[in-house]
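The structure under discussion appears below in the form of structure tokens.
Every number in this text was worked out from the coordinates using simple rules, so none of it is lab data. From a predicted model like this one, the values you see are computed outputs, not experimental measurements. Glycine also receives a Cβ, built like all others from the backbone with ideal geometry; neighbour counts cover every protein chain displayed.
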Amino acid sequence: MAARGILLASLLFFSCLAVTCYGIVLFSSLPSTLVVTASAKQGQVLKAGEDKIAVTWGLNQSLPAGVDSAYKTINLKLCYAPISQVDRAWRKTVDNLAKDKTCQFLIVSRPYDGSNKAVQSYEGTVERDVPTATYFVRAYAYNSDNVEVAYGQTTDSHKTTDLFQVQAISGRHVSLDIASACFSAFSVVSLIGFFVVEKRRAKQSQRK
Amino acid sequence: MESPPPKFALPVDSEHKATEFRLFSVAAPHMRAFHLSWVSFFACFVSSFAVAPLVPIIRDNLNLTSTDIGNAGIVSVSGAVFARVAMGSACDLFGPRLASASLILLTAPAVFCSSIATSPTSFLLVRFFTGFSLTTFVSTQFWMSSMFSAPVVGTANGVAGGWGNLGGGATQLIMPLVFGVIRDIGAVKFTAWRIAFFIPALFQTLSAFAVLIFGQDMPDGNYHGLKKSGEKAKDKFSWVFYYGFTNYRGWILALTYGYCFGVELVVDNIIAEYFYDRFNLNLSTAGIIAASFGLANLFTRPGGGILSDIVAKRFGMRGRLWTLWVVQTLGGVFCIIMGQVGSLSGSIIVMIAFSVFVQAACGLTFGVVPFVSRRSLGVVSGMTGGGGNVGAVVTQLIFFRGSKYSKQTGITLMGIMIICCTLPLFLIYFPQWGGMFCGPSKKANATEEEYYLSEWKSNEKEKGFHLASLKFSENSVSERGGKVDSVTRPSDETSSAHV
């Protein structure tokens, strides 16, 4: 047990060193130490701006103590599932976290509470600017330098289980629809009006 | 619609076309026509490319894929391909004022309806119909070629076309700004972009009204009035079309225009998204950089037109052709470099260099087009303009659709294609003026008169339909370049003194 703890601690230590050496954090270097759950189940559809999502997060209790000593803040993010990334390069998953576009929406950011097997939770409405897609929830743990040091997610490592969907708002309003229709009709009608006026003027000048 | 007084504010030639171009005048009919045409064309460009800077928002709202975005970009420029040829004929037959205003008002509904798009399909349709408004390019060039004489026609066409194209750049600034204001007032992102589209739509509608109220087709009046008084003969559509379509020079220019103007349209469509995604900029910054590409048109395209006229004074039509080839090829070179550069500042600098050459080439092209045909000026302008759009469609289809090529690879390959498709300019030859490699023909009948009057049948000549072409051929003798024998030119023309 102690050997495993030492091994894990040294792995963490070296990955931190790697970070300070190059300033690049690779997702593959982060250990999955957090347990994250979300209230949305596999296949459930949440409506943006209306439905609530509840998330909980805490340290994996089977890990040795001291693993979370560096954690200062936890950010919970809404991340695109692979199916919503197909043919959409702006949502691409890249190992370099500075360039990674998988998780674009922040659900909540909280200071880490490592005391005594604490499990933190949050409940909020899905934001209105979240697009229609399939998602999972991921939590990143940051140290005091605001660098990612660990993560946890609601789905498995291949991102195939526990994926839920968000149905976005359309952004349309009845007033907009009416305005569009009216102005469109106005353009066409005014053109016809111009032609009529011109024909009349031509007839008048002919009579003169 | 009163007939203008015989005295014009600007000096004119025998066709009453202005021989000087005074930018800051709004004198009717010449300069007023200029200002009306460039503003309405500008409005159409703003509308057609209003989507581009907002794609990062729209793609999430409408759940678009890269393929959807690529397809929409393609259809946005494909509508105008055939419409431009049709517009050319419409100008020949009905006059540029009615033709352009009708088109603008009929495409305005598509812009208004952009606000109610909900899916990739409706997005595609909206972009397709909005893109038809780019056809006003043809009426702009036709109108300028009707109002301005040979020594300044390149300049007039270049400034009108360039300042219209400016819309493609201005929209990249305007739309994020309008979107930002509406969003800050309190609208959600997905509603704010929809409201923003009313701005270009209204602008477009109002510009069409201005054209109808203040514009006139020719220096002497509108087609309708001129036809009634017998000054303008009613031409036959079939012959107008025939003489335009069978002129091989029109086809070559259509191809090469596809690789200066067509490329410009492609870049208007992709450049904001390119900078946003590759360099991780925010929407407004990407919009500003993208805008600088289109905004360069303020000077570059007019510069091309002016350069064409300057070169023609000394070297005539051959000079116009050579300059066009050199400038457009350099545009291709900078395009190749742009795809290779990986730093943000380097990319911006190369992009600006690229924009200068590619847009100047557009201006230079329309320094040549007015001379290809007189009877079928509209059709030839339409073919060339349509060719521009074909180039945009083909290029986007091959390089910028789906995820086959990364955008930067696509840009490099596009540069190579520009260079290849500019080579056909070598094949253009005018018997009276020569081509790039050959001088003018030594035959006795290789004259301007012979070239332009060959577009009329003898029975039409008997009725005197060809008189406008005769006047034009006399005025176009300046395309021989160098010193012109003043004995051959009638004494009431003032422009010959400058040649």
Rg/Rh ratio calculated on Cα atoms of chain B (Kirkwood radius): 0.98
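Wrap a convex hull around the Cα atoms of the stretch B:197-348, take a quarter of its surface area, and give that in square nanometres.
Numbers: hull surface 54.6 nm².
Projected over every direction and averaged, the Cα hull of the stretch B:197-348 covers 13.7 nm².
Count, for each residue of B:187-193, the Cβ atoms from other chains sitting within 10 Å of its Cβ, then give me the mean as a whole number. Show your work: numbers first, answer last.
On the way: counts 2, 7, 5, 11, 7, 1, 1.
Shielding by partners across B:187-193 averages 5.
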Would you please state which residues of the stretch A:163-186 a label at A:PHE105 would reach in this model, taking the label point 7 Å out along Cα→Cβ and a backbone N cut-off of under 14 Å? A:164-171
Burial-style ranking of A:68-77, A:169-178, B:75-84, average other-beta-carbon count within 10 Å with highest first, yields B:75-84, A:68-77, A:169-178
Over the stretch B:52-153, one equal point on each Cα, no solvent: what is log10 I(q)/I(0) by the Debye formula at q = 0.11, 0.16, 0.19 Å⁻¹? -0.41, -0.72, -0.88
On the principal axes of its Cα set, how long, how wide and how thick is the protein assembly as shown? Give whole Å, largest value first. 108, 56, 38
Across the Cα atoms of the stretch B:343-410, what radius of gyration and what greatest pairwise Cα-Cα distance (Dmax) are found, in Å? 16.2, 51
Would you please put B:385-394, B:422-431, A:85-94 in order of how densely packed they are, using the mean number of other Cβ atoms within 10 angstrom per residue and starting with the highest? B:385-394, B:422-431, A:85-94
Between 0 and 90 degrees, rounded to the nearest ten: what's the tilt of helix B:344-368 against the longest Cα principal axis of chain B? 30
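If r is the Cβ-Cβ distance from B:PHE214 to B:LEU453 and R0 is 51 Å, what FRET efficiency results, to the nearest 0.05?
Numbers: r = 35 Å, r/R0 = 0.69.
FRET efficiency, B:PHE214 to B:LEU453: 0.90.
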Computed over the stretch B:243-482, the ratio Rg/Rh where both radii use C-alpha atoms and Rh is Kirkwood: 1.06
In whole percents, the bins of 10 Å from zero upward hold the Cα-Cα pairs of the stretch A:2-167 as 10, 39, 36, 14, 2
Pair A:TRP90, B:GLU462: separation of 7 Å Cα→Cβ label points (nm): 6.7
Sketch the reach of a paramagnetic label on B:TYR242 as a point 7 Å from Cα along Cα-to-Cβ, and name the residues of the stretch B:438-459 whose backbone nitrogen lies under 20 Å away. B:450-459
Over chain B: helical MRE at 222 nm, DSSP H runs n ≥ 4 each giving -39500 (n - 2.57), nearest 500: -22500 deg cm²/dmol
Between B:PHE24 and B:LEU344, what FRET efficiency follows from the Cβ-Cβ distance if R0 is 41 Å, with the result rounded to 0.05? 0.65
Taking each pair of distinct Cα atoms in the stretch B:184-225 once, what is the resulting Kirkwood hydrodynamic radius in Å? 13.1
Between A:VAL196 and B:LYS7, what is the label-to-label distance in nm when each label sits 7 Å out along the Cα-to-Cβ direction? 4.1
Cβ-placed point charges (K, R +1; D, E -1), dipole of chain A about Cα centre in debye, nearest 20: 1540
Return the Rg/Rh ratio of the stretch B:26-213 with Cα-based radii and a Kirkwood Rh. 1.01
Counting each pair of different Cα atoms once, what's the Kirkwood radius of the stretch B:335-381 in Å, rounded to one decimal? 12.7
Which translational diffusion coefficient, to the nearest whole µm²/s, is obtained for the stretch B:322-439 from the Stokes-Einstein equation, given a Kirkwood hydrodynamic radius over C-alpha pairs, 10 °C and 1.306 mPa s? 102
Can you find, among A:LEU30, A:VAL130, A:VAL55, the residue farthest towards the positive end of the dipole of the stretch A:2-167? Put +1 on the C-beta of Lys and Arg, -1 on that of Asp and Glu. A:VAL130
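Within the set B:LYS17/B:LYS461; A:LYS77/B:LYS189; B:LYS236/B:LYS461; A:LYS47/A:LYS99; A:LYS72/A:LYS101; A:LYS92/A:LYS117, which residue pairs have Cα atoms separated by over 25 Å?
Numbers: B:LYS17/B:LYS461 23 Å; A:LYS77/B:LYS189 19 Å; B:LYS236/B:LYS461 14 Å; A:LYS47/A:LYS99 29 Å; A:LYS72/A:LYS101 23 Å; A:LYS92/A:LYS117 35 Å.
The answer is A:LYS47/A:LYS99; A:LYS92/A:LYS117.
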Normalise the Debye intensity by I(0) for the stretch B:119-200, one equal point scatterer per Cα, no solvent, then take log10 at q = 0.16, 0.17, 0.19 Å⁻¹ and round to two decimals. -0.77, -0.82, -0.91
Taking Cα atoms, how many degrees apart are the long axis of helix B:150-185 and the longest axis of chain B, rounded to 10 and kept between 0 and 90? 20
